[in-house]
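Let me begin by presenting the structure, written as structure tokens, before commenting on it.
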Amino acid sequence: MRQPLLLPLIAISAWCCSSKTDGVSVTPDPPSEATGGSGALPAGTGGTTSQPPPSAGGTLVQIGGSAGLGNAAGAPACAAVHAETSLDPVFLAFAFDVSGSMGKGDEPWHDRSLKWEPVVAATRQFLEAASAEGLSASMTFFPADGGEDERCDDAAYAEPDVPMTALPSLQFGAALDAIGAEDWRGGTPTLHVARGTIAYVQAQRQRALGKYAIVLVTDGYPQDCDDDEITELASIVGDVAADIPTYVIGVQNPPLEDAPDTTSDLESIAIAGGTEHAYLINTGEPSRTAVAFSGAIDSIRGAAIACTVQIPLPPDGRVFDKESVVVRYQNGATASNFTYDPACTSGTGWHYDDPATPHQIVLCENACDLVSGVIEAQLEVEFACERVLQIPE
């Protein structure tokens, strides 16, 4: 399981060849030995260069050093420049079920103290804790508060009740606390809240780059709209799963006589949404429910960590060579090179998002766990003066 998101500082040390500066002769810092990465070539093997990739997002804080360093003869020289960036930000869009079955009490298995209260307590703990720093979240309640006319209308869910907000935040708890005995709503229009939430997330992605995911919290199947087929819901989340995965937390009914099973089929939504399985939470004992729900959210947070690093633009006069890159992890005095591994089969590997025209360095899962689990960790990316990788087009 992934460690909590800690957003360690990532220092990028760029070594690359540059041109002569008029009237200036500079002795450059020596490049480090290019070790790490597969397909290493002998020193001095020339590589072709490409235009630097456009910035694809992330937080580019600083690029230091001087451009255009060289010797008097104009031969290429290497000089160190440094940049600071961070892992891509993570945005979680919660779609939260507030139908009567979550706590209205009209049936013994709709007991507020067994379902609603422990679920809300665990949700608030996550959204308000200091450990959530670095994440952002939104929350959309469903069914909509406007009666039958709005309940089955996608547009009613296109703007969340709590907009995308940096965590930790108390706004979510205030909104959840407002759901009381008089505010329980009828029906479970899951299909429509999914469409509305997807539209909202897609609009947000145009404003802020990062990794987005939907978190559906519900205790039942879609119902009380004309299109309540769970297969249709699975199809909708499946259409966007590559860019916007959907995680599902199913709140089961308490183990009481005659209590129906209303969550087993939620598994198909999670699978279609690209997240492998639903998190089904047993109810009946509030303290255990809260612990299980907290565990589910922590697992989702870990799985949603974006382990991508934007490749910074080299300073003026420099060029980017995708085959002259070494990725190194450092934690205190311990340093090790990560391996270029497009298949992610090695212990700690990395690859480009697009080998033909790379914009990002993507860490494989084990490397991601290592970097994101230690706040003091640094990831050093070195652009060497010779080719150290062989990347087929």
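The values are calculated or read from the model by the stated rules, or taken from the named source; none is laboratory data. On a predicted model such as this, the values are computed, not experimentally measured, just so you know. With ideal geometry, Cβ positions are generated from the backbone for all residues, glycine too; neighbour counts draw on all protein chains shown.
A few points about this structure:
- For region 115-169, residues that are under 15 Å from Gly196 (Cβ atoms) and touching a residue at least 40 places away in the same chain (Cβ under 8 Å) total 18.
- Taking each residue of region 195-211 that is free of Cβ contacts under 8 Å to residues at least 60 places away in the same chain and looking for partners that are of a type in the set (Gly, Ala, Ser) with beta-carbon atoms closer than 8 Å, six or more apart or interchain, yields Gly196/Ala155; Gly196/Ala156; Gly196/Ala158; Ala199/Ala158.
- The strands (runs of 3 or more DSSP E) found wholly in region 240-322 and carrying at least 1 residues that are within 19 Å of Ile198 (Cα to Cα) and assigned by TED's automatic domain parsing to the domain that holds Leu114 occupy 246-251.
- Among the residues of this structure, Ala83 counts as one that is in contact with a strand residue (DSSP E or B) (Cβ under 9 Å, 6 or more places away or on another chain), modelled with pLDDT under 85 and more than 29 Å from Ile269 (Cβ to Cβ).
- Odd one out for Ser113, checked against (1) modelled with pLDDT under 90; (2) within 29 Å of Thr165 (Cα to Cα); (3) assigned to a loop (DSSP other than H, G, I, E, B): (1)
- Apart from one condition, Tyr329 fits all of (1) part of a loop (DSSP other than H, G, I, E, B); (2) in contact with an Asp or Glu (Cβ under 9 Å, 6 or more places away or on another chain); (3) within 29 Å of Thr357 (Cβ to Cβ); the exception is (1).
- Every condition in (1) over 26 Å from the mean Cα position of the chain (by Cα); (2) without any contact (Cβ under 8 Å) to a residue 40 or more places away in the chain holds for Cys225 except the one numbered (2).
- Considering region 230-274, and only residues there that are closer than 19 Å to Ala122 by Cβ and in contact (Cβ under 8 Å) with a residue 40 or more places away in the chain, the residue that is surrounded by the fewest Cβ atoms within 10 Å (Cβ to Cβ) turns out to be Pro254.
Okay, residues lined up against (1) in contact with a Cys (Cβ under 7 Å, 6 or more places away or on another chain); (2) crowded, with 18+ Cβ neighbours inside 10 Å; (3) over 27 Å from Gly295 (Cβ atoms):
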| residue | (1), (2), (3) |
| --- | --- |
| Asp153 | no, no, yes |
| Ala158 | no, no, yes |
| Val162 | no, yes, no |
| Leu176 | no, yes, no |
| Arg195 | no, yes, yes |
| Asp219 | no, yes, no |
| Asp224 | no, no, yes |
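- Among the residues of region 339-365, those that are in contact with a Cys (Cβ under 8 Å, 6 or more places away or on another chain) and not in a strand (DSSP E or B) comprise Asp341, Cys344, Ser346, Thr348, Cys364, Glu365.
- Counting only helices (runs of 4 or more DSSP H) wholly contained in region 141-239, the ones carrying 1 or more residues that are among the acidic types (Asp, Glu) occupy 148-151, 171-177, 230-239.
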